[in-house]
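Heads up, the thing below is written out as structure tokens.
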Amino acid sequence: MSRMLLVPLEDVVVFPNMNVTLTVDVGSEERVLLVPRHESSYASVGTVAEVTDRVRLPGGGRAVALTGLHRGIAGSA
């Protein structure tokens, strides 16, 4: 079992093989777990995504381009 940064998604679902750009800072992580959230509850299954590009936005913000790889289950270690 590996540990990954969990990135909550507001009312959005990312599937494997999908490309998305999100305005989040994932630090130096190469892979993250994208988990949809609706109202106050998280989905039990998300998508493991690979960081394919990082950009710095005007004003100092950051964004990343991600490619969905496969399903992932969020759980506690």
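The values are calculated or read from the model by the stated rules, or taken from the named source; none is laboratory data. Please read all numbers here as calculations on a predicted model, not as lab measurements. Every residue, glycine among them, receives a Cβ derived from its backbone with ideal geometry; neighbour counts consider all protein chains shown.
Quick notes
- Qualifying residue in the stretch 54-75 (condition: touching a residue at least 40 places away in the same chain (Cβ under 8 Å) and hydroxyl-bearing (Ser, Thr, Tyr)): yes
- Residues being among the charged types (D, E, K, R), under 12 Å from Leu9 (Cα atoms) and surrounded by 13 or more Cβ atoms within 10 Å (Cβ to Cβ) - total across the stretch 27-71: 1
- Scan of the stretch 28-44 for residues that are touching a Pro at 6+ places or on another chain (Cβ under 9 Å) and aliphatic (A, V, I, L, M), ordered by number: Leu34, Val35, Ala43
- Of all residues in the stretch 1-28, those satisfying the criterion of being of a type in the set (A, V, I, L, M), part of a strand (DSSP E or B) and within 17 Å of Asp53 (Cα to Cα) are Leu5, Val7, Val20, Leu22.
- In this entry, Leu34 passes the filter for residues that are touching a Leu at 6+ places or on another chain (Cβ under 7 Å), at pLDDT 95 or above and not charged (D, E, K, R).
- Selection count where residues are in a strand (DSSP E or B) and either at positive phi or in contact with a strand residue (DSSP E or B) (Cβ under 9 Å, 6 or more places away or on another chain) (or both), scope the stretch 39-77: 25
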